[in-house]
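Everything below concerns the one structure shown next.
Any read-out appearing in this document is the output of simple, stated calculations on the displayed coordinates, not a laboratory observation. This structure is a prediction, so every number in the text was calculated from the model and none was measured.
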Amino acid sequence: MLVGVYGASVAPSKLSQCITEAEERCEILLNKLDPDLSSNCRKRCEEATKEGGNKSGHAFGTWNIPPVIADEESYRSRILKDEALCDAD
């Protein structure tokens with residue numbers, strides 16, 4: 001959707017901006033919670049992040065935004081062709 005609205009070159013930065021804003025809103029809400037509940041929530045987020053394999057960075061994890069697939073039809077065609085070649089081997 002973001003690619004359709006902003007184009008392939010701007011969409012990744014817009015996605016990053018949306019994620020950052022959501023994390024900031026979450027932080028504001030966490031700060032409004034009872035301190036014990038907020039602490040438990042943060043600890044659980046950190047545990048979940050570690051369970052996912054990331055041991056450093058923000059408590060909510062870090063984001064890796066892949067490159068945009070600007071021409072999805074061509075991409076799918078290439079992937080299907082590559083899979084067919086692998087199946088033939």
Quiz item: When the chain is modelled as a GNM with alpha-carbon springs shorter than 10 Å, which of Glu23, Glu73, Glu46 fluctuates the most?
Solution: Glu73
Practice problem: Please build a GNM for the chain, connecting alpha carbons under 10 Å apart, and tell me which residue among Arg76, Arg42, Arg25 fluctuates the most. | Solution: Arg76
Quiz item: Quick one, which of [x] 37, 20, 8; [y] 28, 14, 13; [z] 29, 19, 8 is the actual semi-axes √(5λ) of the Cα gyration tensor in Å calculated for this model?
Solution: [x]
